[in-house]
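S.K.: Got a structure for you, questions after.
Taken together, the values in this text are just the output of simple stated rules run on the coordinates, not laboratory data. This is a predicted model, so every value here is computed, not measured. Positions of Cβ are generated from backbone atoms using ideal geometry, with glycine treated the same way; all protein chains shown enter the neighbour counts.
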Amino acid sequence: MLGGVFMPVHWGTFALAMHAWDQPAERLLELASQAAPLLMPMLGQPVEPAHAERVRPWWRDVENTHVKPPPETEGPIKLPGSLPWPLD
């Protein structure tokens, strides 16, 4: 095998595209058998590429676990008219 495991980064962390946030993950999962072994840990999960496990499509569960914020946090944020300087 040439190279090693394929570990995509920054997918699903920024809303910068017109496609669904998990579309890159699904497409890579489709192509994984034709390319290098795929490593797709949960966002922020530490991994050791040399000890990669079989991909578990964790992103499929994310939509079902989303919790809506409480009503008091919805709507525009009210900021004070001025802030002291410096802010630290």
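S.K.: Take every Cα pair under 8 Å in the stretch 1-65 that's 6+ residues apart, average their separations, divide by the length, and report that relative contact order as a whole percent.
M.R.: Details: 45 pairs, mean separation 23.0, N = 65.
Once divided by the residue count of the stretch 1-65, the mean separation gives 35 percent.
S.K.: Given charges of +1 on the Cβ of Lys and Arg and -1 on the Cβ of Asp and Glu, with all other atoms neutral, how large is the dipole of the stretch 1-65 about its Cα centre, in debye to the nearest 20? Before the final figure, lay out the partial values.
M.R.: On the way: 4 positive and 7 negative charges, 18 e Å.
Rounded to the nearest 20 debye, it is 80 debye.
S.K.: Suppose R0 equals 25 Å; then what is the FRET efficiency for residue 53 and residue 30 from their Cβ-Cβ distance, rounded to the nearest 0.05?
M.R.: After rounding, the FRET efficiency stands at 0.85.
S.K.: Mind listing the long-range amide H neighbours of residue 38? Cut-off is under 5 Å, sequence gap 5 or more, other chains count too, H placed in the peptide plane at 1.01 Å from N.
M.R.: Hits under the 5 Å cutoff: 6.
S.K.: Quick one: if you take sqrt(5λ) for each eigenvalue of the C-alpha gyration tensor of the stretch 1-65, what semi-axes come out, biggest first, whole angstrom? It would help to have the intermediate numbers written out before the result.
M.R.: Working: eigenvalues 86, 39, 25 Å².
Gyration-tensor ellipsoid for the stretch 1-65: 21, 14, 11 Å.
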